[in-house]
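Notes for the one structure printed next.
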Amino acid sequence: MKFSTHPLSPDLATRRDLQAAPLDLELAARLHASLGGMLAHGHALADVFYAGLFSRYPELRGMFRSDMSIQKQKLLQTLEWIVANLSRPAEVRAAVRELGKKHETVGVRPEHYPIVRDVLVESMGKVAGNAWSREIEADWRLSIDLLSALMMGKQHVPRGDKTGTRV
């Protein structure tokens, strides 16, 4: 059995059994290719995501400025930066932790993270179209869960959502 670790796993620095495991570069390549395909549609991912988020959870609209253009750009740039830098996990994890601290100051609570994950993954599937698969959906779901855990300052990802993907 081949063992590898997700580049976003917060456990790498604290678990000796995972420190020697190589990063899952295949997963990183799938995420990179998937996001590249979505970004080829311009701002569609951000448009679909925020439209879905606010239609399903209108109470969250007040957390954002009325002009969403900068927020949409930030979302896409952040996703692009994270995926492009998965080969430097310590740097990404540190940046994501800082991003989580900023989100906390504007009222983001732990219960918002699964909402965002579900709407974002659904939006990704819509934008990706035929390029979407169960495997890439599981990759993104796990990656967003890991990002969420880092943003909330958690050291472990909840195991309630079994996606079949390696951590």
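The values are calculated or read from the model by the stated rules, or taken from the named source; none is laboratory data. If you're wondering where the values come from, they're calculated on a predicted model, not measured in any experiment. In this analysis, Cβ positions are derived from the backbone assuming ideal geometry, glycine residues included, and neighbour counts consider all displayed protein chains. Just so you know, the surface numbers come from the protein's heavy atoms only, side chains and all, with ligands and any DNA or RNA stripped out. Shrake-Rupley method; radii C 1.70, N 1.55, O 1.52, S 1.80 Å.
Pairs are defined by a Cβ separation below 7 Å, a sequence spacing of at least 6 or placement on different chains, a first member in region 118-134 that is free of Cβ contacts under 8 Å to residues at least 24 places away in the same chain and more than 9 Å from M38 (Cβ to Cβ), and a second member that is of a type in the set (K, R) and open to solvent by 10 Å² or more (accessible area, probe 1.4 Å); the pairs so defined are V121/R141. When region 80-100 is limited to residues that are part of a helix (DSSP H, G or I) and open to solvent by 70 Å² or more (accessible area, probe 1.4 Å), the one that is nearest to H32 (Cα to Cα) turns out to be E80. Of the residues examined, G36 is not one that is surrounded by 15 or more Cβ atoms within 10 Å (Cβ to Cβ), in contact with a helix residue (DSSP H, G or I) (Cβ under 9 Å, 6 or more places away or on another chain) and at pLDDT 95 or above.
Picking from T105, T163, which residue would you name as being touching a Lys or Arg at 6+ places or on another chain (Cβ under 8 Å), modelled with pLDDT under 95 and among the β-branched types (V, I, T)? So the residue among T105, T163 that is touching a Lys or Arg at 6+ places or on another chain (Cβ under 8 Å), modelled with pLDDT under 95 and among the β-branched types (V, I, T) is T163. Candidates are the residues of region 61-73 that are modelled with pLDDT of 95 or more and hydrophobic (A, V, I, L, M, F, W, C); the one that is least open to solvent (accessible area, probe 1.4 Å) is M68. Being open to solvent by less than 20 Å² (accessible area, probe 1.4 Å) and in a loop (DSSP other than H, G, I, E, B) is a property that L76 lacks. Condition first: farther than 17 Å from P58 by Cα and open to solvent by 30 Å² or more (accessible area, probe 1.4 Å). Now tell me which residues in region 101-121 satisfy that. Within region 101-121, K101, K102, H103, E104, T105, P110 meet the criteria.
Could you tell me whether region 122-136 includes any residue that is of a type in the set (D, E, K, R), in a loop (DSSP other than H, G, I, E, B) and open to solvent by 60 Å² or more (accessible area, probe 1.4 Å)? No, every residue in region 122-136 fails to be of a type in the set (D, E, K, R), in a loop (DSSP other than H, G, I, E, B) and open to solvent by 60 Å² or more (accessible area, probe 1.4 Å).
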